[in-house]
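First up is the structure itself, then whatever we jot down about it.
The values are calculated or read from the model by the stated rules, or taken from the named source; none is laboratory data. Note that the structure is a prediction, hence the values are computed from the model and not measured. Reconstructed Cβ throughout: ideal geometry from the backbone, glycine too, with neighbour counts over all protein chains shown. Note: accessible area is taken over every heavy atom of the protein model, side chains too, but ligands, DNA and RNA are not part of it. Shrake-Rupley method; radii C 1.70, N 1.55, O 1.52, S 1.80 Å.
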Amino acid sequence: MPQASEIAWLIPVFPLIGAVLSGLGLICANKKINNSREIVSISLISFVGISAVISYKTLIEQINGYQPVEKLFVWASAGDFSIPMGFVLDQLGSVMLTLVSTITLLVMIYSHGYMAHDKGYVRFFTYLALFSSSMMGLIISPNLLEIYVFWELVGMCSYLLVGFWYDRDGAANAAQKAFVVNRVGDFGLLLGILGLFWATKSFDFNQIALGVSQSVAENSLPVWAALLLCFLVFLGPMAKSAQFPLHVWLPDAMEGPTPISALIHAATMVAAGIFLVARLQPLYSLFPAIQFIIALVGTITCFLGASIALTQMDLKKGLAYSTVSQLGYMMLAMGCGAPVAGIFHLITHACFKAMLFLGSGSVIHAMEEVVGHQPVLAQDMRLMGGLRKKMPFTSSTFLIGCIAISGIPPLAGFWSKDEILGSAFISFPAFWFVGFLTAGMTAFYMFRLYFLTFEGDFRGGNNELRQQLLLASGINLEEEEQEQEHQGEHGSLHESPWSMTFPLVFLAVPSIIIGFMGLPWDSKFATFLDPEEALIAIETFELKEFLPLAIASVFIASIGITIAYQAYFAKKINLSMLFAQRFPSVNKFLSNKWYLDDINEKLFVKGSRKLAKEVLEVDSKVVDGVVNLTGLVTLGSGEGLKYFETGRAQFYALIVFGGVILLVAIFGFQSPQVT
């Protein structure tokens, strides 16, 4: 029986088979397939489950010392030129495959309950399977060219999933925004890949790093050109992993179904950028300037996401900006030359953030039965409160997620985030300070979300507030009232079904214990991914250096939690009086998301439309004018000449005679006179 690592190529194939079969069924027998939704969902979950089992076996083999596997075949060749394709399975790949397959499997189980009454149930599961296949294919890709193919497939699937409810303007616009922003990054990535191939004649990660190093040393490749190519490749991860300033698509993508928020924004699609930067560390480590840029972008992103999350009232968007911030931490680790720390935080964050997003979906699912299906009502925390007593499983797991992401020991987030901050303290102390402040902000806004949602009294019955929210969103109150009457009486708050609560409880376990795999004095995770780096870290570990940073991190997180408790639970602090009214410009700046959406709207959206109108004017007045004038001249000359076509020989002879006389007169007038 072959080793699991030898057949790792089957991992993306099984979900692909399921997606193709269900997709063909939707095309050929739509009604029959939609009526067999449970059979389809069980089948697709089974296909993903098989991939998950193989992924677990590959991880176990890699842990037991099985050598990485790389199998290639020539996809295209011409003379000495050839393009290899295939798959590679190493320690990093096995960890990522296990993560993606696990999260995907849990999200699909969760979706069975969350999407139970949606008419697009089968289509949704088909998209999920296709997305998981694309992401798994990206992970096992052995070179940049193959990664780019799956990179685009992941982008296509995310477009389909974010715009799943395409009949809603918000979802359709969010899908278009995600598509356009990611095309900007992907265009840079493609240029960078082609440029690196031109410089090194290879798409292989290690060969590219070796080739660039030799070319720069031999002066055949200028340093500025190498830096430019590295930055162009980095544009792809900037967009995919929502780094400033290409992060703007991620919060809007909350318009998609909540399971997609957990799948795309917690563990899979946004992780692709971090994964690619980790794969390219041999290249980026050659240029400290590029590492500085990566660290700078990550630092700005983590602070930006946290600062905007402070003022968000939409539950899902608050979590989305939290994701942006945490992705910034991961990118900061990559820039500090600590890819193991970045990947470790990616793993821990995937567990508790997926749990938080799925928990928010559970809350929204319950709120929709009370306040209606308008997202502006079901997702606004001002209409929540008091849900802990009605939803014990959801509230307990959400609280665990809040503690973990806040960096409170011994939960997972403390170990992974502190490892990043420790690396930043050594490499870029200024960036460490920003990350340190962001840790306090993270603790504050996460517990703000928890207290507003689960504690206090339920505020969903406040009709005046509901009307204000609807008016602010431009929703017609009369139409909304008619819709509510059509739907009948609202239900009551209650816990979600087992298919939704089981993934929450399951993810709570690694959110608590997985951090112990990365203890700084004995990191099993680092030893697995990079034994040499782990050995150096263990040998150089000093408790007297670790404790002050760890204590400071816990201290600032505790301050954030305390302020949130006093403001939103004990109600002893009025932050509106202390901050919003005293610093209205700052509050407006954060509420308007640093005005980045407005800048993009004015500069790029309206600017491109204005440019398009001007081009249209040129096209209609100049280009069309020239074409129309040519046609008019042709038509006029034809109309005039047709009168000379009489068919009479005498008339033609007269014309020839007249022409000869005219030519003689002209040449006679121009010839010099003889004196």
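With a requirement of 2 or more residues that are of a type in the set (S, T, N, Q), the helices (runs of 4 or more DSSP H) lying completely within region 575-623 that satisfy it span 584-591. Among the listed residues 192, 211, identify the single one that is closer than 21 Å to residue 139 by Cβ, buried (at least 19 other Cβ atoms within 10 Å of the Cβ) and modelled with pLDDT of 90 or more. Only one candidate passes the filter, namely 192.
The one condition from (1) outside any helix (DSSP H, G or I); (2) modelled with pLDDT of 90 or more that residue 167 does not meet is (2). Beta carbons closer than 7 Å, at least 6 apart along the sequence or on distinct chains, pair a first residue in region 241-262 that is open to solvent by 10 Å² or more (accessible area, probe 1.4 Å) with a second that is assigned to a loop (DSSP other than H, G, I, E, B) for 255/168. For region 403-421, residues that are within 27 Å of the chain's Cα centre (by Cα) and either open to solvent by 40 Å² or more (accessible area, probe 1.4 Å) or of a type in the set (Asp, Glu) (or both) total 3.
In the set 354, 378, only one residue is within 30 Å of residue 118 (Cα to Cα) and free of Cβ contacts under 8 Å to residues at least 24 places away in the same chain; that residue is 378.
Restricting 77, 82, 5 to residues that are open to solvent by less than 20 Å² (accessible area, probe 1.4 Å) and over 25 Å from the mean Cα position of the chain (by Cα) narrows the list to 5.
So, in region 108-132, of the ones that are under 17 Å from the mean Cα position of the chain (by Cα) and open to solvent by less than 10 Å² (accessible area, probe 1.4 Å), which residue ends up farthest from residue 58 (Cα to Cα)? Taking the candidates together, the pick is 128. Can you confirm whether region 12-33 contains a residue that is closer than 27 Å to residue 94 by Cβ, touching a residue at least 60 places away in the same chain (Cβ under 8 Å) and over 29 Å from the mean Cα position of the chain (by Cα)? No, the conditions are met nowhere in region 12-33.
One line per residue, one yes/no per condition, for (1) within 26 Å of residue 91 (Cα to Cα); (2) among the acidic types (Asp, Glu); (3) open to solvent by 10 Å² or more (accessible area, probe 1.4 Å):
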residue: 310; (1), (2), (3): no, no, yes
residue: 314; (1), (2), (3): no, yes, yes
residue: 320; (1), (2), (3): no, no, no
residue: 329; (1), (2), (3): yes, no, no
residue: 332; (1), (2), (3): yes, no, no
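Considering (1) in a loop (DSSP other than H, G, I, E, B); (2) surrounded by fewer than 21 Cβ atoms within 10 Å (Cβ to Cβ); (3) in contact (Cβ under 8 Å) with a residue 12 or more places away in the chain, the lone condition that residue 227 does not fulfil carries the number (1). Starting from residues that are over 25 Å from the mean Cα position of the chain (by Cα) and in contact (Cβ under 8 Å) with a residue 40 or more places away in the chain, keep the ones in region 499-516 and report whichever is farthest from residue 112 (Cα to Cα). Checked region 499-516; the qualifying residue farthest from residue 112 (Cα to Cα) is 516.
Residue selection: residue 311 fails the criterion of being part of a helix (DSSP H, G or I), among the β-branched types (Val, Ile, Thr) and touching a residue at least 40 places away in the same chain (Cβ under 8 Å). Residues that are touching a Phe, Trp or Tyr at 6+ places or on another chain (Cβ under 6 Å) and not aromatic (Phe, Trp, Tyr) were ranked within region 162-183; the one that is farthest from residue 123 (Cα to Cα) is 181. The single residue among 599, 559 that is open to solvent by 50 Å² or more (accessible area, probe 1.4 Å), of a type outside the set (Ser, Thr, Tyr) and within 16 Å of residue 448 (Cβ to Cβ) turns out to be 559. Of the residues making up region 258-300, those that are β-branched (Val, Ile, Thr), in a helix (DSSP H, G or I) and closer than 25 Å to residue 163 by Cα are 258, 260, 264, 270, 274. Do we have residue 304 as surrounded by fewer than 24 Cβ atoms within 10 Å (Cβ to Cβ), outside any helix (DSSP H, G or I), out of contact with any Pro (no Cβ under 6 Å at 6 or more places or on another chain) and on the phi < 0 side of the Ramachandran plot here? For residue 304, the condition - surrounded by fewer than 24 Cβ atoms within 10 Å (Cβ to Cβ), outside any helix (DSSP H, G or I), out of contact with any Pro (no Cβ under 6 Å at 6 or more places or on another chain) and on the phi < 0 side of the Ramachandran plot - is not met.
Residue by residue, here is whether (1) closer than 30 Å to residue 437 by Cα; (2) acidic (Asp, Glu); (3) modelled with pLDDT under 75 holds:
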site	(1), (2), (3)
595	yes, no, no
608	no, no, no
615	no, no, no
622	no, no, no
646	no, no, yes
654	no, no, yes
658	no, no, no
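For region 380-402, taking the residues that are of a type in the set (A, V, I, L, M) and open to solvent by less than 50 Å² (accessible area, probe 1.4 Å), the one that is modelled with the lowest pLDDT is identified as 383. Open to solvent by 20 Å² or more (accessible area, probe 1.4 Å) and in contact with a Gly (Cβ under 6 Å, 6 or more places away or on another chain): does that describe residue 432? When the stated conditions are applied, residue 432 does not pass them.
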